[in-house]
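The values are calculated or read from the model by the stated rules, or taken from the named source; none is laboratory data. Just so it is clear, the model here is predicted, and its values are computed rather than measured. Cβ placement follows ideal geometry from the backbone for every residue including glycine, while neighbour counts extend to all protein chains displayed.
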């Protein structure tokens with residue numbers, strides 16, 4: 001909204017002639033206004049980061065954080081990843097700000113220039129909720145707003161985040177360049193100038209659509225991204241990994257003998273609806289049976305989970321028994337009842353990871 005109004009306000013007030021007499025350099029005016037809006041936006045993002053961090057510390061305190069694959073992060077480690085996530089969010093923020101600059105220049109005093117960044121952001125976020133092919137999803141700047149969750153796995157799923165940041169910076173540079181080109185070529189001697197819908201389409205929208213197409217092709221060729229990116233093997237691997245990490249947490253709560261992930265040998269068998277082999281895609285009809293082994297115990301443990309997998313790879317695994325493992329949200333510990341880490345947990349399927357063959 002700030003970027004979308006930085007040029008349009010001069011059109012509404014009719015002050016371009018006075019500004020040009022004082023400065024006499026459209027290029028300098030553009031740079032100054034762009035930097036002014038950027039300063040405000042960066043301060044707002046910093047304020048959001050500080051207020052959310054302070055709110056989290058007040059509400060929860062400095063405690064270990066459970067990552068999206070079940071492993072535990074210390075308070076300092078989690079703080080570093082949160083800070084890095086906020087820094088990554090700057091890239092798509094700059095892309096939306098640049099789109100605001102472009103709309104403000106191209107549409108003049110029209111209120112659409114003011115609303116353009118918000119409308120584009122809303123459209124892109126809605127697109128992320130749809131079952132789009134992975135290359136299209138990664139080619140939208142809005143993916144950087146959610147790709148940071150890959151930082152909270154071990155090892156970090158940095159590939160999608162890096163692609164999303166680069167795409168966002170490309171959008172920011174392209175939209176800013178187009179806005180600058182339109183601004184320095186504008187005829188300021190015409191007081192009736194009110195923006196041009198045709199010019200906004202040809203010099204603004206079409207180049208960005210072209211950038212989207214090129215980015216989709218590059219991502220599809222340069223990465224193993226294909227289809228939804230959510231496959232049976234990936235879901236099984238992610239669920240088994242998270243279960244093994246969280247089983248250790250539960251064992252520590254109950255003062256059971258320590259066990260490692262390697263000793264557990266956790267594995268998951270997942271199906272989607274009636275599809276037993278080759279299941280793929282988002283949905284709330286995923287069902288996983290997790291099995292594991294304890295040292296010196298012949299019997300194989302099993303637990304059932306119902307999964308709701310979203311289009312961006314995030315999922316919620318809801319425990320469905322047995323009760324003593326994951327069928328109840330509390331466990332009885334020597335210190336009283338405590339939340340059961342295996343009852344329900346979040347996870348993340350990396351859309352870019354290659355599915356093993358064979």
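Only one of 235, 213 is buried (at least 19 other Cβ atoms within 10 Å of the Cβ), modelled with pLDDT of 85 or more, under 23 Å from residue 131 (Cβ atoms) and within 21 Å of the chain's Cα centre (by Cα). Can you tell me which?
235
Just to check your reading of the model, which residue among 117, 160 is in a helix (DSSP H, G or I), surrounded by 15 or more Cβ atoms within 10 Å (Cβ to Cβ), touching a residue at least 12 places away in the same chain (Cβ under 8 Å) and under 12 Å from the mean Cα position of the chain (by Cα)? It would help to see each step written out before you state the result.
On the way: 117 fails: under 12 Å from the mean Cα position of the chain (by Cα).
Unique residue meeting the criteria: 160.
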Among the residues of the stretch 57-72, is any closer than 30 Å to residue 101 by Cα, buried (at least 18 other Cβ atoms within 10 Å of the Cβ) and within 22 Å of the chain's Cα centre (by Cα)?
-> no
If we ask which residues in the stretch 247-287 are modelled with pLDDT under 95 and either assigned to a helix (DSSP H, G or I) or within 23 Å of the chain's Cα centre (by Cα) (or both), their number turns out to be 16
Check whether at least one residue in the stretch 309-324 is assigned to a strand (DSSP E or B), in contact with a strand residue (DSSP E or B) (Cβ under 9 Å, 6 or more places away or on another chain) and on the phi > 0 side of the Ramachandran plot, and report yes or no.
-> no
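Taking the condition farther than 30 Å from residue 133 by Cα, crowded, with 16+ Cβ neighbours inside 10 Å, over 32 Å from the mean Cα position of the chain (by Cα) and at pLDDT below 90, does residue 297 pass? Quick ask: steps written out before the conclusion?
On the way: farther than 30 Å from residue 133 by Cα: yes; crowded, with 16+ Cβ neighbours inside 10 Å: no; over 32 Å from the mean Cα position of the chain (by Cα): yes; at pLDDT below 90: yes.
No: the conditions fail for residue 297.
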Got a number for residues in the stretch 27-56 being buried (at least 17 other Cβ atoms within 10 Å of the Cβ), within 24 Å of residue 180 (Cα to Cα) and under 20 Å from the mean Cα position of the chain (by Cα)?
-> 1
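So which of 155, 191 ends up being exposed (fewer than 14 other Cβ atoms within 10 Å of the Cβ), within 30 Å of residue 73 (Cβ to Cβ) and modelled with pLDDT under 90? Reasoning before the result, please.
On the way: 191 fails: within 30 Å of residue 73 (Cβ to Cβ).
On inspection, the qualifying residue turns out to be 155.
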